[in-house]
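Here's the structure, in structure tokens; my notes come after.
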Amino acid sequence: MGAVDIARALFGAFEASDMAKVRSFCRDDLVAWQNNQHRMSLDTLVKFSSLVTDRVTSFRYEDVICVPTENGFVEEHRVRGTTPNGTELDLAICIVGVIEGEEIIELREYFDTASAAALADALR
């Protein structure tokens, strides 16, 4: 499976809220960051993602562009859905993934924090 295939399968699992499948694409010691600040373990990433998909209805990725890199992938996409208060979520995100073998070992997510305010409100 190539890097883009792994990325698409990973984000498909997130979109479906299938956290067991998310784990299957990641090494147990995966490290994830949001905007180079909030370091997360795989367990924390799965808990956070479950919270998001539980609270945001019609959670989905749109306008996906994914390209392979020397050691993984870069994916740009929009996170879309509806928050509990009815606000439409539209968050542009860029993710850099590092892969060893066929396992993701690192995910670095970048987004505009001001645009993420609706998501932050939904998670409170």
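Quick notes on this one:
- Being at pLDDT 95 or above, among the hydrophobic types (A, V, I, L, M, F, W, C) and either on the phi > 0 side of the Ramachandran plot or not in a strand (DSSP E or B) (or both) holds for only one residue in 52, 4, 67, and it is 4.
- Here the condition is being loosely packed, with under 15 Cβ neighbours inside 10 Å and under 21 Å from residue 18 (Cβ atoms); of 70, 88, 75, 62, it holds for 62 alone.
- When 24, 115 are screened for being closer than 16 Å to residue 6 by Cβ and small (Gly, Ala, Ser), only 24 passes.
- Taking first residues from the stretch 35-46 that are closer than 13 Å to residue 23 by Cβ and partners that are among the small types (Gly, Ala, Ser), the Cβ contacts under 7 Å between residues at least 6 apart in sequence or on separate chains come to 45/32.
- Condition broken by residue 30, with the remaining ones in (1) surrounded by fewer than 16 Cβ atoms within 10 Å (Cβ to Cβ); (2) within 15 Å of residue 105 (Cα to Cα) satisfied: (1)
The values are calculated or read from the model by the stated rules, or taken from the named source; none is laboratory data. Every value quoted in this text rests on a predicted model; they were computed, and no experiment measured them. Reconstructed Cβ throughout: ideal geometry from the backbone, glycine too, with neighbour counts over all protein chains shown.
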